[in-house]
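What follows is a short report on a single structure.
The values are calculated or read from the model by the stated rules, or taken from the named source; none is laboratory data. Predicted, not measured: the structure shown is a model, and the values here were computed from it. As a convention, Cβ positions derive from the backbone with ideal geometry for all residues, glycine included, and neighbour counts pool all protein chains shown. Remember, those area values only see protein heavy atoms, side chains included, never the ligands or the DNA or RNA. Shrake-Rupley method; radii C 1.70, N 1.55, O 1.52, S 1.80 Å.
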Number of protein chains: 2
Amino acid sequence: MIGVFDSGVGGITVARAIEQHCPGYPLVYLGDIARTPYGTKSPATIEAYSRRNTEFLLDQGARLIVIACNTAASIAGSLLRQQIATPIIDVVQPAVASAASSSASGRFGVIGTPATVRSGIYQRWLKQLRPDAVVHTVACPLLVPLVEEGWLNRRETKMIVRRYLHPLRNRQIDTLVLGCTHYPLLKHIIGPRIGQRVRLIDSSVEVARTLRQLLDSDTNLADSLYHPEIPSRFYVTDRTDSVQRLAETVFGRSLHLETTDV
Amino acid sequence: MIGVFDSGVGGITVARAIEQHCPGYPLVYLGDIARTPYGTKSPATIEAYSRRNTEFLLDQGARLIVIACNTAASIAGSLLRQQIATPIIDVVQPAVASAASSSASGRFGVIGTPATVRSGIYQRWLKQLRPDAVVHTVACPLLVPLVEEGWLNRRETKMIVRRYLHPLRNRQIDTLVLGCTHYPLLKHIIGPRIGQRVRLIDSSVEVARTLRQLLDSDTNLADSLYHPEIPSRFYVTDRTDSVQRLAETVFGRSLHLETTDV
């Protein structure tokens with residue numbers, strides 16, 4: 001199975017995108033709701049939690065790991081790759097690759113959690129692919145709780161988005177990376193406020209496309225993971241009504257979330 | 001020592017109030033930053049975390065436990081009292097007692113986290129003390145992240161507070177319980193928006209007063225806890241800059257936060 005983990009419910013947008021791009025490949029998903037959010041926590045804590053989530057997915061039979069959380073990928077991605085033999089893909093690299101190849105000006109904006117922004121991962125990787133890159137990052141700590149509350153169309157959410165995007169105005173960016181899997185749910189607010197000429201990069205969609213390419217190019221891996229007869233399984237470390245509601249909003253159908261300890 | 005735990009940094013307002021009301025009584029404080037917030041999580045998770053925090057404090061030599069978190073007190077308070085022989089006081093009961101005795105009309109508002117509000121604890125206890133009580137509760141999930149971001153004077157915070165308080169307007173309440181230890185940091189915003197005639201009950205101050213009364217009435221307990229030569233100790237399960245900043249804002253001095261696992 002394809003193992004997918006996230007620090008909360010944002011990764012459910014990744015799971016949904018994978019289901020759409022890679023039908024027939026069952027997922028085992030883990031949302032670490034009991035410890036959410038990761039983005040305001042320290043690197044040591046984020047690494048410890050990411051490690052435990054990965055081990056849980058391996059125990060469940062995952063043969064490929066998708067880190068569906070920008071914060072976990074930014075902080076713990078390289079450590080996990082050193083420690084775990086199973087292939088790992090994450091939401092950061094595909095977003096960076098897509099942004100780097102589609103930008104005309106090489107001027108990028110990146111929004112993410114405080115931990116993701118502090119890690120500097122987007123600057124480093126964008127500059128590896130585009131040595132001319134100019135990268136402006138903004139930490140947006142309140143967007144995760146606003147999305148988790150379902151405040152997707154409230155006036156306060158619009159004002160807070162405007163405030164966060166303000167430092168990116170007049171920077172002549174042509175590409176804005178949504179560096180958190182919650183943010184695609186606010187695309188309709190972010191788009192008009194950053195300006196029509198700025199392309200938004202949705203890391204959830206990009207990672208699903210990258211996974212599709214990997215499966216198309218590695219037939220051994222694809223064969224071992226292709227089991228249309230096996231249903232996907234969704235685990236959460238804690239279950240609340242708002243998590244259930246958000247997951248079903250994203251999937252557009254009812255979804256059974258099993259509770260587990262990790 | 002007096003053991004104090006909280007799900008995050010809100011309890012630091014309780015620790016500060018205890019230090020002011022009970023000088024010479026050293027504290028061992030635990031802020032469970034690594035798993036914050038509790039208020040949006042399920043009862044089973046909140047109980048498990050509260051139990052572990054309490055055991056940590058007992059291991060550190062606590063001989064009295066203060067649950068400095070309304071969510072933990074609401075969900076896990078009675079369970080902990082059954083399981084632990086050490087005396088336990090919490091932030092809910094003193095706030096209820098103060099509210100019940102000072103209200104003229106018996107019409108109360110209570111604001112808190114979703115878990116606290118769902119628990120129904122304030123209604124139950126207010127009605128025990130005041131059978132005539134009419135209690136209106138509102139869950140305010142975004143106030144904790146706003147306080148933790150330090151957005152104590154932002155326009156967005158004022159709008160969100162106004163939105164949360166709206167259902168309490170025209171309810172003729174004369175008393176509003178701030179049923180979360182973060183909320184005293186927003187008193188200056190809450191006060192003008194709920195109206196001058198409404199008395200605000202600060203659960204942090206009330207629990208410190210209750211502790212003072214307990215120490216004054218139980219000299220054996222007081223003697224065993226009075227050790228002015230021992231400094232208070234502050235533990236957090238995770239340390240970030242914003243936690244450090246908020247703790248020092250509340251205490252008005254530099255504070256050493258030790259990191260620990262629980």
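Just a few scattered comments:
- Of all the listed residues (B:D238, B:D202), the sole one being of a type in the set (D, E) and touching a strand residue (DSSP E or B) at 6+ places or on another chain (Cβ under 6 Å) is B:D202.
Table: residues versus (1) over 30 Å from A:T113 (Cα atoms); (2) touching a Leu at 6+ places or on another chain (Cβ under 7 Å).
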{"residue": "B:K127", "(1), (2)": "yes, no"}
{"residue": "B:V134", "(1), (2)": "yes, no"}
{"residue": "B:E149", "(1), (2)": "no, yes"}
{"residue": "B:R155", "(1), (2)": "no, no"}
{"residue": "B:I173", "(1), (2)": "yes, no"}
{"residue": "B:G191", "(1), (2)": "yes, yes"}
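- Looking across the range A:106-124 at every residue that is closer than 17 Å to A:C69 by Cα and of a type in the set (A, V, I, L, M, F, W, C), the one that is most open to solvent (accessible area, probe 1.4 Å) is identified as A:V117.
- B:I18 vs. criteria away from chain A (no Cβ under 14 Å), assigned to a helix (DSSP H, G or I), open to solvent by less than 20 Å² (accessible area, probe 1.4 Å) and not small (G, A, S): yes
- Meets criteria (closer than 23 Å to A:R35 by Cα, within 16 Å of the chain's Cα centre (by Cα) and more than 14 Å from chain B (Cβ to nearest Cβ)) for A:L178: yes
- Residue in the range B:210-225 that is open to solvent by 20 Å² or more (accessible area, probe 1.4 Å), among the charged types (D, E, K, R), farther than 19 Å from B:I89 by Cα and in contact (Cβ under 8 Å) with a residue 24 or more places away in the chain present: no
- Those residues of the range A:241-262 which are over 15 Å from A:I18 (Cα atoms) and in a loop (DSSP other than H, G, I, E, B), in sequence order: A:R253, A:S254, A:L255, A:H256, A:T260, A:D261, A:V262
- Within the range A:54-80, residues that are without any contact (Cβ under 8 Å) to a residue 40 or more places away in the chain sit with their Cβ atoms under 6 Å from residues that are open to solvent by 30 Å² or more (accessible area, probe 1.4 Å) and among the charged types (D, E, K, R), at 6+ positions apart or across chains, in these pairs: A:A76/A:E47; A:L79/A:E47.
- Note on the range A:52-62: residues that are among the charged types (D, E, K, R) and in contact with a strand residue (DSSP E or B) (Cβ under 8 Å, 6 or more places away or on another chain) amount to 0.
- Pair list, Cβ under 8 Å, 6 or more apart: the range B:1-21 residue farther than 19 Å from B:S254 by Cα, other residue open to solvent by less than 10 Å² (accessible area, probe 1.4 Å) and among the acidic types (D, E): B:F5/B:D32; B:D6/B:D32; B:S7/B:D32
- Considering the conditions (1) open to solvent by less than 20 Å² (accessible area, probe 1.4 Å); (2) within 14 Å of another protein chain (Cβ to nearest Cβ), B:P145 is excluded by exactly one of them, (1).
- Extreme residue, nearest to the other protein chains (Cβ to nearest Cβ), among residues of the range B:149-167 that are touching a residue at least 12 places away in the same chain (Cβ under 8 Å), under 24 Å from A:A139 (Cβ atoms) and aliphatic (A, V, I, L, M): B:I160
- Any hit, the range A:32-44, residues being closer than 18 Å to A:Q82 by Cβ and either among the charged types (D, E, K, R) or open to solvent by 20 Å² or more (accessible area, probe 1.4 Å) (or both): yes
- Qualifying residue in the range B:236-246 (condition: open to solvent by 40 Å² or more (accessible area, probe 1.4 Å), among the basic types (K, R), out of contact with any Leu (no Cβ under 8 Å at 6 or more places or on another chain) and within 14 Å of another protein chain (Cβ to nearest Cβ)): yes
- Subset of the range A:1-15 (residues that are open to solvent by 10 Å² or more (accessible area, probe 1.4 Å) and at pLDDT 95 or above): A:M1
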